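This report concerns only the one structure given below.
The values are calculated or read from the model by the stated rules, or taken from the named source; none is laboratory data. Keep in mind the model is a prediction, meaning the values are calculated, not measured. The accessibility values were calculated without ligands, DNA or RNA, using every heavy atom of the protein model including side chains. Shrake-Rupley method; radii C 1.70, N 1.55, O 1.52, S 1.80 Å.
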Amino acid sequence: PIPITLNGERGEVREAETPADLVPALGHPPAALATAVNGEFVARTARADRPLREGDAVFTFQPITGG
């Protein structure tokens, strides 16, 4: 397991897990949450290409839409 911080709390993920794997594991459909790793937004289309590494800080949040 790889230690990370998820939404301000310590946790662990499987090796080579990505934000694309993490969001559904939290019980949410991919479009329901936006993600950031180490303070940088990770677009839905880029989540599978961003492996999580030891010490990463991952935040999930509801996307905001408006006009």
**Prompt:** Which far-off residues, 5 or more places away or on another chain, put their amide H under 5 Å from the one on LEU6, with H placed in the peptide plane?
**Reply:** GLY11, VAL58
**Message:** Please compute the per residue accessible area over the chain with all protein chains in place, 1.4 Å probe, rounded to a whole number of Å².
**Reply:** 67 Å²
**Solvent-free Debye scattering, log10 I(q)/I(0), computed from the Cα coordinates of the chain at q = 0.22 Å⁻¹** = -0.89
**Request:** Give the relative contact order (percent, whole number) for the chain; include only Cα pairs under 8 Å separated by 6+ residues.
**Result:** 41 percent
**Prompt:** Roughly speaking, to the nearest percent, how much of the chain's 1.4 Å accessible area is carbon and sulfur?
**Reply:** 52 percent
